[in-house]
Amino acid sequence: MEETQHTLIVGDDATRFAARMGFTETSLTNVRSQTRWEEWAAKGEPTDAFNPEPFDKDELRGHDTVGTIALDAAGNLCVGCSTNGREFKIPGRVGDSPIPGAGAYGDQEVGGAVATGNGDVMMRFLPCYQVVELMRQGMPPDLACQAALKRITDRGYKFGGGIAAIGVDGQHGGAQAGWDDGGFSYSVRDASGNSKIWVSPQPTR
Ligand code: GLY
């Protein structure tokens, strides 16, 4: 968006565009992911992604999404989201991470939000957009994250997901759904370099 008027460029053309912009193409496969894929491929089972999204349980594994929100002293805000996507996905799948409002969203006037978890479900609801809009109306970040996740669970989805958010005033919070083992935390690093890990409270139902 700093180099063109476009917001999203995808597929092979995105790879070519990135190379034109000076990025070096490199494989993101590592020994662990290659081994897991080879073990799965050897079984000859089709990916479970051909089945409709289950409403009764979420056994989806293989997510490694990292969201970041940066807020400087002048109030400049930016959000970022990086992910391996989803294990054994159907080629061509687009997850929530690159979709504005789904995996991440930021508004200089309000704050930002980032999400991790089952992007196939979460992107249907643009939860990060909802969090920022709720904060715009005055809701604290933790309650806004809970409300965005509750909107999904209220529709019957049993999914695993977490959202972290921060307002331009520095107030931050997070919430999670579906991870009964308390598997969602986020860290905050302040200007002096001090970090603290925050664990979100009970899962949103
Ligand atoms: N949350 C990352 C993904 O589902 O692709």
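Rule-based calculations on the coordinates, nothing more; no lab input. None of the values given here were measured: they were computed from a predicted structure. Every residue, glycine as well, gets a Cβ built from its backbone with ideal geometry; the counts of neighbours run over all protein chains shown.
How would region 142-199 be classified by its alpha-carbon gyration tensor: rounded, prolate or oblate, with rounded meaning a/c under 1.5 and the a/b versus b/c comparison settling the rest?
On the way: a/c = 4.45, a/b = 1.84, b/c = 2.43.
Oblate is the answer for region 142-199, as a/c is 1.5 or above yet b/c matches or exceeds a/b.
At 0.36 nm per residue, and after removing the present C-alpha to C-alpha distance, how many nm does the segment from residue 26 to residue 187 gain when stretched out fully? Mind dumping the intermediate values first?
Values: separation 161, 0.36 × 161 = 57.96 nm, distance 2.88 nm.
So the extension gain works out to 55.1 nm.
Among 168, 131, 79, rank each residue by its count of other Cβ atoms within 10 Å, from fewest to most, as a rough exposure measure. It would help to have the intermediate numbers written out before the result.
Details: 168 17, 131 33, 79 23.
Ordered from fewest to most neighbouring Cβ atoms within 10 Å, 168, 131, 79 come out as 168, 79, 131.
Nearest 0.05, what FRET efficiency do residue 137 and residue 108 give at R0 = 25 Å with Cβ-Cβ as r?
Using R0 = 25 Å, I get an efficiency of 0.90.
Add -39500 (n - 2.57) for each DSSP H run of 4 or more in the chain, then divide by its residues: what number comes out at 222 nm, to the nearest 500 deg cm²/dmol?
-7000 deg cm²/dmol
Under 5 Å between amide H atoms, partner at least 5 residues away or on a different chain: which partners does residue 160 have, H built in plane at 1.01 Å?
Close amide H contacts, sequence-distant or interchain: 118.
Please check: in the Gaussian network model of the chain (C-alpha springs, under 10 Å), which one of 100, 140, 52 has the largest mean-square fluctuation.
Among 100, 140, 52, the largest mean-square fluctuation in the Gaussian network model of the chain belongs to 52.
Between residue 51 and residue 10, how many nm apart are label points set 7 Å from Cα along the C-beta direction?
Between residue 51 and residue 10, the simple spin-label model gives 2.6 nm.
Summarise the long-distance tail of P(r) for the chain by giving the % of C-alpha pairs beyond 22 Å.
Details: 11038 of 20910 pairs.
The share of Cα pairs beyond 22 Å in the chain comes to 53 percent.
Once the other residues with Cβ under 12 Å from the Cβ of residue 125 are scored (Lys, Arg +1; Asp, Glu -1), what is the net sum?
Values: positive: 124, 150, 151, 155; negative: 96, 120, 154.
The answer is +1.
Output the relative contact order of the chain, whole-number percent, from Cα pairs under 8 angstrom with separation of 6+ residues. Present the calculation step by step, with values, prior to reporting the outcome.
Working: 360 pairs, mean separation 29.3, N = 205.
Result for the chain is 14 percent.
Can you count the Lys pairs in the chain whose Cα atoms are under 23 Å apart, with each pair 8 or more apart or on different chains?
On the way: 43/89; 57/89; 57/150; 57/158; 89/158; 150/158.
So the count works out to 6.
Tell me, in nm to one decimal, what length is gained between residue 169 and residue 34 on full extension, where the rule is 0.36 nm per residue of separation less the Cα-Cα distance? Intermediate values should be presented prior to the final figure.
Working: separation 135, 0.36 × 135 = 48.60 nm, distance 4.32 nm.
In short, 44.3 nm is gained.
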